[in-house]
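These notes are about the structure you will find just below.
All of the numbers you see were taken from the coordinates with simple rules; none came from a lab. All of these numbers come straight from a predicted model, not from anything done at the bench. With ideal geometry, Cβ positions are generated from the backbone for all residues, glycine too; neighbour counts draw on all protein chains shown.
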Amino acid sequence: MLADRTQIFTESVIREMTRLAMQHGAINLAQGFPDFPAPDEIKEAAVAAIRADHNQYAITWGAKSLRDAISAKTLRFSGYAPDPEREITVACGATEAMMAAMLAVVNPGDEVIVFEPFYENYVPDAAISGAKLVFVPLLEPDFHFDREQLRAAFTTKTKAIVINTPNNPSGKVFSREELAYIGALAQEFDTLVITDEIYEHILYDGNTHISPATLPGMRDRTITISGLSKTFSVTGWRIGYLIAPSHLTNAIRKVHDFLTVGAPAPLQEAAAIALGFPDSFYNSLGEMYRGKREVLLSALTEAGFPVFRPQGAYYIMADIRPFGWGDDTDFARHLTAEIGVAPVPGSSFYSHQELGRTKVRFTFSKKEETLRAAAERLLKLRVGV
Ligand code: GLN
């Protein structure tokens, strides 16, 4: 009785690990969401919006205040101001944004290029929209791509390439040169670029975020996706957005309208205020996460994991081979049930699952005390096994 499209993907492994963590009372370093409060100002703005009766549907493609704020924020950080009337759509999180983008541009059988390791959502997004995913590996230890391999992935059937920078799960931040190379291929093969920039303000070690739409010739063929979840620690609000040329935006808005009608109206009003926070807010975010990254990096290193040092986002990929486990899922379950710290099995980020069998992903989007408690538990790995 079931549709074939539901058979080609599984439930979210990330959320399954959250359930397992709860069941075992483990510290959840699996799902990337903060366990610390959102800024007071954004919470107060939401309360005020509800009191002011922003409680009915907003305009389906986003409250005007929020679209104006997205345009101003894009001008501030990326140097161009998308037209709030024709080029911006507010969606229920970057998750809906990516789904709406794919449904709006992909015909069944079209090819979409994705780097691996990838964020798990791209697989069901492709399955639901009928896209055939073509995977190009990011090569260790620095997760660079091979230019010839990428070029070879482009065909006459390529509709789009997905770029996620800063990258979940690897922590890679794509450089200007890399993005220019990808952009040149997109122009040569006349494809779109769909970018997931949800971690755009979480950067380390002097890395800078380059938004692919800002590169020469790219604005007309780029769908830029971001949202409030990670920057403002409000992953449960489900406020994301897309910036795209108007002919694409028309199609995206239609899909979005019939998927969800709109993101929560009062939270859109609060989001409009939050996007206007001063530069100091955005800069302190990197500072805060830098400290957390150090705590988890040293905890993992001390426990015996070789680690990949992230340049951005808030995840660490760790190598599990020193512990002698042949399977990442068995190891992740053991870590959750016996050691009390839940990671995500690496294979859930790969189509060639063997590439992920040797890894797990930890998030450090947690209070320092949570990370220190996890550190203490992880030490059991070293002596215990
Ligand atoms: N983006 C977060 C992560 O990668 C949350 C994902 C989710 O809930 N599926 O952990």
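The table below lists the values:
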| read-out | value |
| --- | --- |
| Checklist (1) of a type in the set (A, V, I, L, M); (2) away from the ligand (no atom under 16 Å from the Cβ); (3) outside any helix (DSSP H, G or I) applied to Ile252, failing item | (3) |
| Residue pairs meeting the criteria (Cβ under 8 Å; at least 6 apart or on separate chains; first of a type in the set (D, E, K, R), in segment 230-241; second more than 11 Å from the ligand (Cβ to nearest atom)) | Lys230/His201; Lys230/Ile202; Arg238/Cys92; Arg238/Glu96; Arg238/Ala263; Arg238/Pro264; Arg238/Leu267 |
| Failed criterion for Ile70 (all others in (1) farther than 28 Å from Glu120 by Cα; (2) touching a strand residue (DSSP E or B) at 6+ places or on another chain (Cβ under 6 Å) hold) | (1) |
| Residue list for segment 178-199, filter: farther than 27 Å from Gly356 by Cβ and surrounded by fewer than 19 Cβ atoms within 10 Å (Cβ to Cβ) | Ala180, Ala184, Gln187, Glu188, Phe189, Asp190 |
| Residue within segment 199-208 that is under 17 Å from Ile161 (Cβ atoms), among the aliphatic types (A, V, I, L, M) and under 15 Å from the mean Cα position of the chain (by Cα) present | no |
| Residue ID - farthest from Asp319 (Cα to Cα), chosen from residues in segment 127-143 that are surrounded by fewer than 22 Cβ atoms within 10 Å (Cβ to Cβ) and touching a strand residue (DSSP E or B) at 6+ places or on another chain (Cβ under 6 Å) | Lys132 |
| Those residues of segment 352-363 which are within 22 Å of the chain's Cα centre (by Cα) and part of a helix (DSSP H, G or I), in sequence order | Gln353, Leu355 |
| Every pair of residues 6+ apart whose Cβ atoms lie under 8 Å, when the first sits in segment 1-17 and is closer than 17 Å to Gly32 by Cα while the second is surrounded by 12 or more Cβ atoms within 10 Å (Cβ to Cβ) and hydrophobic (A, V, I, L, M, F, W, C) | Val13/Val344; Ile14/Ala30; Ile14/Val344; Met17/Ala30; Met17/Ala332; Met17/Ala342; Met17/Val344 |
| In segment 51-69, the residues that are over 20 Å from Thr260 (Cα atoms) and buried (at least 16 other Cβ atoms within 10 Å of the Cβ) | Asp68, Ala69 |
| Residue list for segment 75-104, filter: part of a helix (DSSP H, G or I), in contact with a helix residue (DSSP H, G or I) (Cβ under 9 Å, 6 or more places away or on another chain) and more than 16 Å from the ligand (Cβ to nearest atom) | Arg76, Phe77, Ser78, Ala100, Ala101, Met102, Leu103, Ala104 |
| Qualifying residues in segment 22-37 (those that are within 25 Å of Leu285 (Cβ to Cβ) and among the small types (Gly, Ala, Ser)) - the one surrounded by the most Cβ atoms within 10 Å (Cβ to Cβ) | Ala30 |
| Qualifying residues in segment 209-253 (those that are within 13 Å of the chain's Cα centre (by Cα) and of a type in the set (Val, Ile, Thr)) - the one surrounded by the most Cβ atoms within 10 Å (Cβ to Cβ) | Thr224 |
| Selected residue (criterion: nearest to Asp142 (Cα to Cα)) from residues of segment 105-124 that are more than 12 Å from the ligand (Cβ to nearest atom), touching a residue at least 40 places away in the same chain (Cβ under 8 Å) and touching a Gly at 6+ places or on another chain (Cβ under 9 Å) | Glu116 |
| Among the candidates Lys380, Lys366, Lys292, residue that is part of a helix (DSSP H, G or I) and within 16 Å of the ligand (Cβ to nearest atom) | Lys292 |
| Boolean, Leu371 is more than 16 Å from Ser12 (Cβ to Cβ), within 16 Å of the ligand (Cβ to nearest atom), part of a helix (DSSP H, G or I) and not polar (S, T, N, Q) | yes |
| Residues (aromatic (Phe, Trp, Tyr), closer than 28 Å to Ile42 by Cα and part of a loop (DSSP other than H, G, I, E, B)) located in segment 295-324 | Tyr314 |
| Count - residues of segment 22-35 that are away from the ligand (no atom under 12 Å from the Cβ) and either under 19 Å from the mean Cα position of the chain (by Cα) or not in a loop (DSSP other than H, G, I, E, B) (or both) | 5 |
